[in-house]
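The values are calculated or read from the model by the stated rules, or taken from the named source; none is laboratory data. These numbers were taken from a predicted model, which means no experiment stands behind them. A quick note on method: Cβ atoms are made from the backbone with ideal geometry, for glycine too, and the neighbour counts reach across all protein chains shown. What goes into the accessible areas is simple: the full protein's heavy atoms, side chains included, and nothing from ligands, DNA or RNA. Shrake-Rupley method; radii C 1.70, N 1.55, O 1.52, S 1.80 Å.
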Amino acid sequence: MDFIPKILAYVCTYCTYTAADMAGSARMQYPDSVRIVKYLCTGRIDLLHILKAFEAGADGLLVGG
Amino acid sequence: MIIAERKPFKEIAAAVAPYDKILIVGCGTCVAVCLAGGEKEVGLLASQLKLAAGLKHRRIEVGEITVERQCDLEFLEPLCDFVADFDAIISMACGAGVQFLAHMCHFKPIFPAVDTTFIGVNNAVGYYTERCRACRRCYLGLTGGICPVTMCPKGLLNGPCGGTLNGKCEVDLQKDCAWSKIYQRLELEGRLDNLKEIVPLHPHSRGTTPGTVIHPAYRRRYGVDE
Amino acid sequence: MSKLSEALALNNFAVVAELTPPKGISVAAMLAPVASLKGKVQAFSVPDNEHARMRLSALACCRLVQEAGGEALLHLACRDKNRLALESELLGAAALGIENLLLVSGDYVTLGDHPDAKPVYDADSVQLLQIAGGLMAGRDSTGQALDGSPSFFLGAVVIPEAEPWGPQLVKFEKKLAAGAQFFITPPVFDLEKLKSFRQQTTASAAKLLAAVKVLSPEEAAQAKTGEWRKVYAIPPDLLARFEGKDGNDFFQAGAELAGNLVGRIKDEKLADGIYLKAEGRPDLLGKILEVAGMC
């Protein structure tokens, strides 16, 4: 069985999330193993948030902001 | 304040390896300011420990709590019941806090998560420098507010050694020679006469460890020595 | 009265030669200059774990120097001993007949070969001079009476080229007040600086021994590349004399230069005596004196 990594995406609501929205309206797809967490600003991301993601079982993390 | 540095993760992990239920106790005062053992660092360490255990297919329980000051009985006492549920304690306080916590919580193995470094100042977030050796005989009035015991690696009381080079210290040429600074300062203040008298040998007996200070008011009220 | 203090008291130009205690117990090489030079120098000086590098005990070396027929000058560093050890070492020196002392703070431990050792500095050099003075007056540093008091000829270090000069002067004056009878400088290459120091301090009764050393190729290289970390400077024209020389030629040129410097210090009365250093090449000590026309 192929390994499908669980990716958590920490995204900024103003840029990356908007981009994801646009991509969606253009019917572009992304795998369902990616979960999005919306930040008001990715400047809020703390080292602890990243560690918690891995603790919760994420295999990888994408920060977009 | 007290400055400390967090120990390498490997060292902490090795110390608590035998235990499945670990309580990490942070301290909200000095070590929080110097980013070594406050609430934030407790969270990071807890997460690190859980992840490291997970990689070894172990599940451990890590409790997190931060008290205002571990060196203060008032803040530490309420913790005692809380500790009962855990197999071991990691204290992120300075050496004083670790010992006080150990004293309060009998029969629980306790491990320090920081190396206590010195009494110093917070120049900027992340930049701390030593200022005081707690020598129990303060010379600062004589030396223009610059401590010869701390700021001179040799703790010389009567002037610079022969190694000072262009006002820098022989031990570390990046650092100022304490005695050059003391001289400059006293010269500016017109107090160079302070340096005429020979300072006698330092009374080390005062610094015999472990020290005790009893406030006169405490003594009056309780009439005891400890 | 030691030969050194006698010579200085009579205003005879005194010569002290520095020996290098071995790292180990083979003392023959260290003692070689004693046999060859004992008629020409007043005292042989023995550093105490110089540069914080562990060596054979200076006190033991001084005793060996005496047994070989020389007079000794014992260095005592505050770095390695607390006041108990300093005082008993001083009494020990006196009991062995060692009078000449050079009392120093001592280079810091991290600069030496035992960087993790505990630095002591219980006393500083000024306080150590006071301690020695107290012992001579029959009292230890706590004021307790001694059973028989020593007599010493007390020496200290002064840095004529110190920068800034103010703090150094404070220390120099305290050392004088604490009873220093003679001073030794770090190696001198720039005689102008020595001259101006001499002019500033003529009022003092203490004698001055100017150190003159045989430059090593390593030091010359450092001085040239600007990595020089010493409290004395080497004027470029003197450094130029070593251009293109290596090995024995280099050391011969070094001894020649040292001899010239000694000659000038003596003729121009820039000091009351000299303190010769030739680390690693004790055989050159005699040559320095020859070049200077002193033997």
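The table below lists the values:
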item: Ordering of C:239-250, C:143-154 by burial proxy (mean other Cβ atoms within 10 Å per residue, highest first); result: C:143-154, C:239-250
item: Pairwise centroid distance, computed over Cα atoms, of the range B:65-115 with the range C:139-166, Å; result: 50
item: Neighbourhood net charge (14 Å Cβ-Cβ; Lys/Arg +1, Asp/Glu -1) for residue B:128; result: -1
item: Fraction of accessible area attributable to carbon and sulfur, the range B:2-119 (%, probe 1.4 Å); result: 56
item: Chain B: relative contact order in percent, alpha carbon pairs under 8 Å with at least 6 residues between; result: 17
item: Accessible surface of the range C:158-295 [probe 1.4 Å, protein heavy atoms]: carbon and sulfur percent; result: 49
item: Vicinal HN-Hα couplings computed from phi for the range C:167-175 (Karplus, 6.51 cos²θ - 1.76 cosθ + 1.60; Hz; Gly/Pro x); result: x, 5, 5, 4, 5, 4, 5, 5, 5
item: Within 10 Å of each Cβ in B:192-200, the average number of Cβ atoms from other chains; result: 4
item: Accessible area buried between chains B and C, both sides summed, probe 1.4 Å, in Å² to nearest 100; result: 2400
item: Sorted peptide list for B:193-204, C:75-86, criterion being average Cβ within 10 angstrom, highest first; result: C:75-86, B:193-204
item: Net charge of Cβ neighbours under 12 Å - reference residue C:84; Lys, Arg +1; Asp, Glu -1; result: -2
item: Of every Cα-Cα pair in the range C:122-241, the percent that sits beyond 16 Å; result: 67
item: Separation in nanometres of the label points that stand 7 Å from Cα toward Cβ, at residue A:23 and residue B:73; result: 6.1
item: The range C:98-153: relative contact order as a whole-number percent, Cα under 8 Å and 6+ apart; result: 34
item: The range A:7-64 - Rg and Dmax from Cα coordinates, angstrom; result: 11.8, 35
item: Relative contact order for the range A:7-64, counting Cα pairs under 8 Å that sit 6 or more residues apart, in percent; result: 59
item: Reachable lysines, given that their alpha-carbon falls under 19 Å from the alpha-carbon of residue B:7 and they are not under 8 places away in the same chain; result: B:40, B:50
item: Environment charge of residue B:2, counting only residues whose C-beta is closer than 15 Å and scoring Lys/Arg +1, Asp/Glu -1; result: -2
item: Size of electric dipole in the protein assembly as shown: Cβ of Lys, Arg +1 and of Asp, Glu -1, about Cα centre, debye, nearest 20; result: 440
item: Estimated 222 nm signal from helices in chain B, with DSSP H stretches of n ≥ 4 weighted -39500 (n - 2.57), rounded to 500; result: -8000 deg cm²/dmol
item: Efficiency of FRET from Cβ geometry, residue B:139 and residue B:218, R₀ 22 Å, rounded to 0.05; result: 0.20
item: Peptide-level mean, for C:123-132, of C-beta atoms on other protein chains within 10 Å; result: 5
item: Dimensions (Å) - the protein assembly as shown, Cα atoms, principal axes, largest first; result: 101, 73, 52
item: Proximal aspartates and glutamates to residue C:23, defined as alpha-carbon separation beneath 17 angstrom and excluding residues fewer than eight positions away on the same chain; result: C:48, C:50, C:80, C:113, C:279
item: FRET efficiency estimate (nearest 0.05) - Cβ-Cβ, residue A:54 to residue B:115, R0 30 angstrom; result: 0.65
item: Straight-distance crosslink candidates among aspartates and glutamates, where the alpha carbon sits under 19 Å from residue C:269 and sequence neighbours closer than 8 are dropped; result: C:6, C:161, C:190, C:192, C:290
item: Sorted peptide list for C:182-194, B:123-135, B:31-43, criterion being average Cβ within 10 angstrom, highest first; result: B:31-43, C:182-194, B:123-135
